[in-house]
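Q: Sharing a structure here in structure tokens format.
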Amino acid sequence: MEVIDILVVDDEPGIRSGVTRILRNFTVSYPFLEDDIGFNVIEAATGEEAIDIIKHSSPAVVLLDNKLPGIQGVEVLQFINENHPDILVMMITSYASLELAVRATNIGAYDFVPKPFTPQELKSSIENITKHYFLRRMTRKLHREGKQVRFQFLTVLSHELKAPLNAIEGYLKMMQEKQAGNDIDSYMDFIDRSLARIQSMRSLIMDLLDLTHIESGKRQRTLREIDLTLVARSAIETMTPLAIQRDVTLTLQTTDPVIMLADSDDMEILLNNLISNAVKYNKPGGWVNCSITKSGLEVKLIVSDSGIGIEPEDIPKLFQEFTRIKNPQSKNVTGSGLGLSIVKRVADLYGAKIDVQSEPGVGSTFTIVFPLPGSDTLNDGI
Amino acid sequence: MASSRKTILIVDDDTDYLFQLKFHVEKMGFDVVTAESQREAENILKNIKPDLAILDLMMENEDSGFILSYKLKRMYPDVPVIIATAVSAETGMSFGISSEQERQWIKADLYMEKGIRPDQLHREILKLLKV
């Protein structure tokens with residue numbers, strides 16, 4: 001159960017203790033919250049005392065009498081508005097001064113409750129104001145999440161960059177303290193694991209450079225007529241050592257040059273990512289085939305493999321940043337989790353559509369269809 | 001005395017962190033069971049009741065550790081849970097463990113920064129196991 005603080009400011013001890021008594025065992029629940037809400041009542045007899053309490057602990061709600069011995073309730077309200085606008089204020093007021101209550105709501109009080117009030121009246125007012133409090137909190141949270149996608153990317157990124165450093169540091173400390181004894185051979189596993197983390201960190205940095213290239217590309221991109229089959233050939237050459245190591249056969253299926261208007265760096269990034277994924281998430285004796293064809297007003301690039309495949313429920317997650325589909329087959333594959341989000345960004349820049357067909361254990365096929373100029377769908381941004 | 005050895009479940013998707021933590025905790029004299037994901041841990045918990053669990057916060061999802069802790073506490077309310085996180089200290093991102101409400105919901109017994117020294121961790125484990 002969550003407990004929220006309610007400050008009751010009234011010079012009449014009877015009102016204060018009454019509120020405390022009524023709310024002591026009172027809880028409310030809302031369909032949008034899992035937990036029930038309880039209340040902790042804090043009491044203040046004067047406005048000065050109230051301000052002092054508010055300065056030190058921010059209650060969620062203040063129940064405020066206007067007629068106080070020193071400064072008036074309205075002044076406390078002004079103090080809250082200026083310094084703690086998050087606090088919801090409910091004026092406690094006699095029927096005689098309803099006009100004042102209306103004025104108070106105009107200058108920032110959330111609501112008012114006329115006194116004398118019955119326990120039920122107080123409870124329903126509190127229920128209402130608490131609901132407002134939580135709805136506002138949730139709205140703000142959603143608002144923040146929507147606005148901070150970029151922030152989220154950077155924070156996840158810093159986590160991804162620090163994780164390998166922490167791992168390597170851990171191994172070095174274990175070695176420094178000779179935790180596995182005096183024989184250097186006992187540490188070979190630590191060293192191998194450290195080297196693997198350094199390797200994966202390097203590939204993350206390379207992917208980040210690619211992302212930077214794509215993001216800054218609106219200014220720097222040089223569009224030229226390039227032969228996509230040449231770019232593919234070079235990407236395949238780059239991946240050949242890895243393919244040999246993994247016992248995967250790489251083939252390029254194309255007949256003629258396929259000329260399109262593009263930035264060759266973009267296309268290299270895209271092909272490298274697709275082909276390296278197809279090789280990495282494959283099995284010994286497997287194959288990867290890349291085919292490029294031009295027909296009418298589109299260029300179709302297909303990379304298919306005999307790899308481990310993707311579960312249908314994981315396909316929607318594929319293109320998100322830092323998503324790595326984790327399962328026993330992919331466990332030993334290193335990657336930054338950025339590759340396919342990079343592919344998606346490049347494709348988006350060219351107005352291209354990506355289609356994924358996959359069967360777990362059998363293989364995957366990524367198809368990218370680029371519209372050619374003249375078909376009117378080329379992204380204006382490039 | 002073998003039967004009196006305590007079993008500690010460690011769950012982390014970073015295989016190196018898992019390896020290192022297992023190494024340290026075994027040196028402290030505990031039996032260690034490991035899992036690399038929330039899902040794997042849930043399967044293990046069906047068969048084993050550990051004496052204590054150390055859970056990573058971010059695994060399949062940002063909050064896998066919380067969810068696992070919640071489920072573990074529902075199955076075995078008396079098993080102490082340590083949630084290990086590198087996230088809050090490194091990035092300033094709180095991941096919702098800052099508010100009292102979420103602490104109450106999550107009910108982990110201890111939040112531990114991932115850089116904690118093995119001897120500190122050992123003390124915390126002994127404290128939670130009340131030995």
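Q: Of all residues being hydrophobic (A, V, I, L, M, F, W, C) and over 11 Å from A:Phe190 (Cβ atoms) in the stretch A:163-177, which is farthest from the other protein chains (Cβ to nearest Cβ)? Just the residue, please.
A: Looking at the filtered set, the residue picked out is A:Leu165.
Q: Find the strands (runs of 3 or more DSSP E) located wholly in the stretch A:238-318 whose residues include 3 or more that are out of contact with any helix residue (DSSP H, G or I) (no Cβ under 8 Å at 6 or more places or on another chain) and either small (Gly, Ala, Ser) or under 21 Å from A:Ile226 (Cα atoms) (or both), and list them.
A: Counting at least 3 such residues, we get A:287-295, A:298-305.
Q: Quick one: A:Leu211 ticks every box in (1) touching a helix residue (DSSP H, G or I) at 6+ places or on another chain (Cβ under 8 Å); (2) at pLDDT 90 or above; (3) not basic (Lys, Arg) except a single one, so which number is it?
A: (2)
Q: Select from the stretch B:1-48 the residues that are in a loop (DSSP other than H, G, I, E, B), without any contact (Cβ under 8 Å) to a residue 40 or more places away in the chain and surrounded by 14 or more Cβ atoms within 10 Å (Cβ to Cβ) and list them in ascending order.
A: B:Glu36, B:Ser37 - these are the residues of the stretch B:1-48 that are in a loop (DSSP other than H, G, I, E, B), without any contact (Cβ under 8 Å) to a residue 40 or more places away in the chain and surrounded by 14 or more Cβ atoms within 10 Å (Cβ to Cβ).
Each row is one residue, and each column tells you yes or no for (1) free of Cβ contacts under 8 Å to residues at least 40 places away in the same chain; (2) surrounded by fewer than 17 Cβ atoms within 10 Å (Cβ to Cβ); (3) aromatic (Phe, Trp, Tyr); (4) away from chain B (no Cβ under 12 Å).
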position: A:Asn182; (1), (2), (3), (4): yes, yes, no, yes
position: A:Ser186; (1), (2), (3), (4): yes, yes, no, no
position: A:Phe190; (1), (2), (3), (4): yes, no, yes, no
position: A:Leu195; (1), (2), (3), (4): yes, yes, no, no
position: A:Arg202; (1), (2), (3), (4): yes, yes, no, yes
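Q: Further, regarding this structure: Mind checking which strands (runs of 3 or more DSSP E) fall wholly inside the stretch B:49-131 and carry at least 1 residues that are away from chain A (no Cβ under 14 Å) and modelled with pLDDT of 85 or more?
A: Here the list reads B:52-56, B:81-85.
Q: Could you list, ordered by first residue, the pairs with Cβ atoms under 8 Å in which the first is in the stretch A:117-136 and under 22 Å from A:Gly18 (Cα atoms) and the second is among the hydrophobic types (A, V, I, L, M, F, W, C) and part of a loop (DSSP other than H, G, I, E, B), at least 6 apart or interchain?
A: Note: pairs meeting the criteria are A:Lys123/A:Phe26; A:Ser125/A:Phe117; A:Ile126/A:Phe26; A:Thr130/A:Ala60.
Q: Would a scan of the stretch A:240-257 turn up a residue that is without any contact (Cβ under 8 Å) to a residue 60 or more places away in the chain, over 20 Å from A:Trp287 (Cβ atoms) and of a type in the set (A, V, I, L, M)?
A: no
The values are calculated or read from the model by the stated rules, or taken from the named source; none is laboratory data. Bear in mind the structure is a predicted one, so any value in this text is a computation, not a measurement. Using ideal geometry, Cβ is built from the backbone for each residue, glycine included, and neighbour counts are taken over all protein chains shown.
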